[in-house]
Ligand SMILES: NC(=O)c1ccc[n+]([C@@H]2O[C@H](COP(=O)([O-])OP(=O)(O)OC[C@H]3O[C@@H](n4cnc5c(N)ncnc54)[C@H](O)[C@@H]3O)[C@@H](O)[C@H]2O)c1
């Protein structure tokens, strides 16, 4: 069991890659806290983990709400004794926006995708310091490394912010025995909030530039997150793990 005795919090874990990661952590022996805005879907993920003999709990958390973060971390410390792993996964897409410079969309994207990760690091790392160890995994994207012509600029900006927040966190908390890494998925199953990136014609065009010639699967990203969360990656911090079938290599 690669996550035995570890307490993990995953945001946005009611859906997609967050849910896949929660299930994988559950199978590997972690106590998993599934956090999301989608209470029914989040509770279903928890039920599935429990049915497979895992340990899981659901917590309602809006990642933009600082008081919510404080309450979430306090609840985990009270019920599980501390926090070992934080996966800042919650996010929204910028590919449904018509105006790629819409100001309200910029504020939404930066609020959830960047400020949400900042708040998670602020409160999650404070808890990990009390434990004397920890691992933070931040979900960026290939869109945090290169630009696309069809996504609101705030998505790229927010994912770029996550990439550098990660490196700053690694630089500042190495001596606390806390590692901070980012994961950069490429073409994956569409997000709930996807627009153009869910369009079959756009996906087919994108695939032409992906050396492995196929989209990724959620468990392929969950496996990368598991590696960074487990002690197998004990000397890895500040790294960006790209899981994109080679998209950004060419
Ligand atoms: N799917 C892709 O193609 C892709 C590619 C690269 C990176 N990513 C990133 O991976 C992460 C997971 O994406 P996914 O594909 O699983 O998407 P998804 O839409 O399936 O899941 C995202 C989850 O985040 C939750 N969420 C949204 N806003 C929230 C908030 N304010 N507070 C708490 N939870 C909130 C949603 O309810 C949802 O359950 C995101 O950060 C995304 O940007 C996705």
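What follows draws every value from the coordinates through simple rules; no lab data is involved. It should be emphasised that the depicted structure is a prediction, and the values quoted were computed from it without experimental measurement. Positions of Cβ are generated from backbone atoms using ideal geometry, with glycine treated the same way; all protein chains shown enter the neighbour counts.
Taking the Cα-to-Cβ direction at residue 47 and at residue 67 and moving 7 Å from each Cα, how far apart do the two end points lie in nm?
Between residue 47 and residue 67, the label points sit 3.1 nm apart.
As an exercise, use a Förster radius of 30 Å and the Cβ-Cβ distance of residue 250 and residue 201 to find the FRET efficiency, rounded to the nearest 0.05.
Calculated value: 0.90.
Specify whether the C-alpha gyration tensor of the stretch 103-143 places it in the rounded, prolate or oblate class, a ≥ b ≥ c being the square roots of the eigenvalues: rounded for a/c under 1.5, otherwise prolate if a/b is larger than b/c and oblate if not.
oblate
Over the C-alpha atoms of the stretch 1-132, what are the Rg and the largest Cα-to-Cα span, Dmax, in Å?
15.1, 47
Multiply the residue gap between residue 101 and residue 164 by 0.36 nm, knock off their C-alpha separation, and tell me the result in nm, one decimal place.
Full-extension gain reported as 20.4 nm.
So, in nm, how far is label residue 150 from label residue 39 when the simple model puts each one 7 Å beyond its Cα toward the Cβ?
For the pair residue 150/residue 39, the computed spacing is 3.7 nm.
What is the gain in length, in nm to one decimal, between residue 231 and residue 172 on full extension, counting 0.36 nm per residue of separation less the C-alpha to C-alpha distance?
Length difference between fully extended and current span is 19.3 nm.
Give the separation of the Cα centroids, the stretch 3-41 to the stretch 94-141, in Å.
17 Å
Report the rotationally averaged projected area of the chain based on its alpha-carbon convex hull, in square nanometres.
Its average projected convex-hull area is 12.5 nm².
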